[in-house]
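Asker: Shown below is the structure under consideration.
Any read-out appearing in this document is the output of simple, stated calculations on the displayed coordinates, not a laboratory observation. Predicted model only: the values in this text are computed from it and were never measured. Note: ideal-geometry Cβ built from the backbone for every residue, glycine included; neighbour counts use all protein chains shown.
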Amino acid sequence: MAIDLDDYEKGEKFDGDYDAALVDVQTRLSRLHVAHVVCQQRSMILFEGWDAAGKGGAIQRLTTGWDPRHFHVWPIAAPTDEEREQHFLWRFWQKIPRKGRIAIFDRTWYGRVLVERVEAYASEREWRRAYDEINEFEAQQQTDGVNIVKLFLHVTQKEQDERLAARLEHPWKRWKVTPEDFRNRARRDDYLAAIKDMFRETDTRWAPWKVIDGNDKKAARIAALTHIADALERCVPVDAPELDPDFERYARAQLGLSKKP
């Protein structure tokens, strides 16, 4: 069924104890993070969405308590001169996680069919061709054992404006507001058309999209983190592997511990 952003604009408040729910889902995610390390799993978690939709806040809470040696957050900005000379996916191939690692993308290769399309940084031929290139790229990663979770955080124009205004008034948050935010805001209809096409062309069986109603921050964070936990639990082993018996005997002897009954 086609994804319609109008279905994600209710902004309903979180129903329940937010702090308790956050701890519960972060506990699940912490176990999954460790499972990546001990079971040598690889995952990519993709965040797309409007400016001020809550991507950064969700990522911050996603990684709470994680060992920084085993994950990396990639904030994706405009390509460098060197990157522009290569195929647009070249810079992302270099960011694919190694075994035991999770890569989190704050914006992604979907910039090709969003900002690069809307702002005419890519020709129509280039961005139309990119749908197949992206689907093939993601299929290759999935076949190679990389789990993919894709989220799009949606907010209404009214909610986005209120958040931008609040940032502008806050002396320690106004740095987040840039001229690009308002240029993108002015072309919202063009972005809506591009997003609609993106969902239609790239919502695949192996890498489906999950849209999050971001109009209430707390509800959105719980929904996003819960979806990530649910998705990873379907493909990452959740049972701890058996300890190598030879190593266990050695370690117990070194520590002066008795044998397990």
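Asker: Of the conditions (1) crowded, with 17+ Cβ neighbours inside 10 Å; (2) over 13 Å from the mean Cα position of the chain (by Cα); (3) closer than 26 Å to Glu180 by Cα; (4) without any contact (Cβ under 8 Å) to a residue 40 or more places away in the chain, Trp50 fails just one. Which one is it?
Answerer: Condition not satisfied by Trp50: (4).
Asker: Now, a different point. Where in segment 163-255 are there helices (runs of 4 or more DSSP H), lying wholly inside it, with at least 1 residues that are within 28 Å of Tyr18 (Cβ to Cβ)? Outline the logic, then answer.
Answerer: Details: elements: 179-186, 188-202, 217-233, 245-255.
Those helices (runs of 4 or more DSSP H) span 179-186, 217-233.
Asker: For Arg69, all conditions in the list (1) surrounded by 11 or more Cβ atoms within 10 Å (Cβ to Cβ); (2) farther than 13 Å from Ile228 by Cβ; (3) of a type in the set (Lys, Arg) hold save one; what is the number of the exception?
Answerer: (1)
Asker: Next up: What's the number of the only condition in (1) under 26 Å from Val37 (Cα atoms); (2) among the β-branched types (Val, Ile, Thr); (3) out of contact with any strand residue (DSSP E or B) (no Cβ under 6 Å at 6 or more places or on another chain) that Ile228 fails to meet?
Answerer: Going through the list (1) under 26 Å from Val37 (Cα atoms); (2) among the β-branched types (Val, Ile, Thr); (3) out of contact with any strand residue (DSSP E or B) (no Cβ under 6 Å at 6 or more places or on another chain), Ile228 breaks only (3).
Asker: Turning to a different aspect of this structure: Inspect segment 133-149 for any residue being touching a strand residue (DSSP E or B) at 6+ places or on another chain (Cβ under 7 Å), within 19 Å of Gln60 (Cβ to Cβ) and not in a helix (DSSP H, G or I) and give the result as yes or no. Lay out the reasoning, then the answer.
Answerer: If we filter segment 133-149 for residues that are touching a strand residue (DSSP E or B) at 6+ places or on another chain (Cβ under 7 Å), which is where we start, we get 138, 141-142, 145-149.
Next, from what is left, pick out any that are within 19 Å of Gln60 (Cβ to Cβ): 149.
Filter once more, keeping what is not in a helix (DSSP H, G or I): 149.
Looking through segment 133-149, at least one residue is touching a strand residue (DSSP E or B) at 6+ places or on another chain (Cβ under 7 Å), within 19 Å of Gln60 (Cβ to Cβ) and not in a helix (DSSP H, G or I).
Asker: Which ranges mark the helices (runs of 4 or more DSSP H) fully within segment 58-127 that have 2 or more residues being more than 28 Å from Gly214 (Cα to Cα) and under 18 Å from the mean Cα position of the chain (by Cα)? Walk me through how you get there before you give the answer.
Answerer: On the way: elements: 81-84, 90-93, 115-118.
Those helices (runs of 4 or more DSSP H) span 90-93.
This table checks each residue for (1) free of Cβ contacts under 8 Å to residues at least 12 places away in the same chain; (2) touching a helix residue (DSSP H, G or I) at 6+ places or on another chain (Cβ under 9 Å).
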residue: Phe105; (1), (2): no, yes
residue: Ser123; (1), (2): yes, no
residue: Tyr131; (1), (2): no, yes
residue: Leu153; (1), (2): no, yes
residue: Glu159; (1), (2): no, no
residue: Pro171; (1), (2): yes, no
residue: Pro179; (1), (2): yes, no
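Asker: So which of Ala2, Ala20 is surrounded by fewer than 17 Cβ atoms within 10 Å (Cβ to Cβ), out of contact with any Asp or Glu (no Cβ under 6 Å at 6 or more places or on another chain), among the aliphatic types (A, V, I, L, M) and assigned to a helix (DSSP H, G or I)? Reasoning before the result, please.
Answerer: On the way: Ala2 fails: assigned to a helix (DSSP H, G or I).
Criteria check complete, one pass: Ala20.
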